[in-house]
1. From the label point of A:PRO53, set 7 Å along Cα to the beta carbon, how far off in nm is each other copy's matching point, shortest first?
2. To two decimal places, what compactness ratio does the protein assembly as shown give when its Cα radius of gyration is scaled by 2.2 N^0.38 Å?
3. Given a 10 angstrom Cα cut-off, can you work out which residue in B:LEU64, B:LEU28, B:LEU103 is the most mobile in a GNM of chain B?
4. Expressed as a rounded percentage, what relative contact order does the stretch A:52-156 have, with Cα pairs under 8 Å and six or more residues apart?
5. For a quick check: with amide H placed at 1.01 Å from N, whose amide H comes under 5 Å from A:GLY19's, ignoring anything fewer than 5 positions away on the same chain?
6. Once the other residues with Cβ under 11 Å from the Cβ of B:ILE127 are scored (Lys, Arg +1; Asp, Glu -1), what is the net sum?
7. All other residues with a Cβ under 9 Å from the Cβ of B:ARG115 taken together, and with Lys, Arg as +1 and Asp, Glu as -1, what is their net charge?
8. Using a 7 Å offset from Cα along the direction of the beta-carbon, what are the separations from B:PRO107 to the same position in each other copy, nm, ascending?
Number of protein chains: 2
Amino acid sequence: MTQESVQDYYPDQASCCYGCGRLNEHGLRIQSYWDGDDVVCTFTPREYHTSFPGYVYGGLIASLIDCHSIGTAAAVMYRAENRAMDTLPAFRFVTASLKVDFLKPTPIGTPLTVRARAKEIKGRKVIVSAELSANDVVCARGEVVAVQMPETMIKA
Amino acid sequence: MTQESVQDYYPDQASCCYGCGRLNEHGLRIQSYWDGDDVVCTFTPREYHTSFPGYVYGGLIASLIDCHSIGTAAAVMYRAENRAMDTLPAFRFVTASLKVDFLKPTPIGTPLTVRARAKEIKGRKVIVSAELSANDVVCARGEVVAVQMPETMIKA
């Protein structure tokens with residue numbers, strides 16, 4: 001199956017994000033895909049993304065949850081309006097708040113999966129909840145308040 | 001004035017953190033210093049730490065707040081016990097939860113300052129509040145629940 005990621009549809013001027021921008025060559029370039037009613041991202045940390053020996057850095061976990069939840073908010077809004085993701089006007093979100101609960105140390109050296117869904121849509125705001133797992137064990141839970149970005153934020 | 005950072009006192013096996021480990025050559029290597037009753041960290045994002053053009057990546061902001069708050073928790077506990085930071089047993093903390101409110105877009109190309117303090121100490125837990133500023137404007141606020149790490153987490 002070939003499916004494009006949510007981030008593949010971001011316009012160029014919104015694609016320099018260190019976390020999920022396909023045009024940021026130094027970045028993580030995470031990609032988010034529909035999977036039933038959830039949106040899912042898989043990412044394998046690099047060997048230097050450590051916190052303590054053997055475990056993944058919490059800031060990376062926060063970054064994955066943040067960017068993937070923002071992508072989820074966009075995907076959910078397109079689906080809510082029955083629109084394809086390449087149609088205009090584009091839904092682009094920014095993070096108003098990010099909360100991560102670290103439930104267990106996350107082992108390094110294995111792919112991580114972030115599974116997210118919209119908990120609530122309120123006008124221009126989407127509240128996304130996300131779970132990050134390693135080897136099918138949930139290691140962190142996140143909640144992101146995503147808000148549609150003012151067009152004035154895009155300078156390019 | 002010469003002052004060592006909180007992270008300078010971390011033992012080697014706790015110094016591989018991508019955010020604040022002095023031994024992680026790929027990492028951010030943030031450093032936290034006492035400033036009166038606050039603990040302060042200054043960090044200049046790299047040019048590729050962007051979210052949208054002109055603004056800093058939120059995952060980096062979350063990472064700075066996380067690591068700096070963990071360093072703050074350690075510093076606060078040493079001070080609460082009137083102990084120098086090179087005395088044993090060492091206080092090493094992990095993040096139980098991280099909350100970041102993004103108040104304004106954070107401009108890139110200028111040093112960021114994170115100023116943190118302990119809001120509450122409860123047994124092995126320290127709740128740290130932090131503010132991240134650019135050009136003296138507060139752009140994000142964070143709260144971290146830091147918990148003393150079980151010794152079993154250090155494998156090395």
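The values are calculated or read from the model by the stated rules, or taken from the named source; none is laboratory data. Bear in mind that the values here come from a model prediction, so they are computed numbers and not experimental data. Here Cβ is always computed from backbone atoms with ideal geometry, including for glycine, and neighbour counts include all displayed protein chains. Accessible surface areas use protein heavy atoms only, side chains included; no ligands, DNA or RNA. Shrake-Rupley method; radii C 1.70, N 1.55, O 1.52, S 1.80 Å.
1. Copy-to-copy label distances at A:PRO53, shortest first: 4.6 nm.
2. So the Cα radius of gyration is 0.98 times the expected 2.2 N^0.38 Å.
3. Of B:LEU64, B:LEU28, B:LEU103, the Gaussian network model singles out B:LEU103 as fluctuating most.
4. The value is 32 percent.
5. For A:GLY19, whose amide H was placed from the backbone, the distant partners under 5 Å are A:LEU28.
6. Residues near B:ILE127 contribute +3 overall.
7. Net charge around B:ARG115: -2.
8. Distances between equivalent label points, in nm: 4.7.
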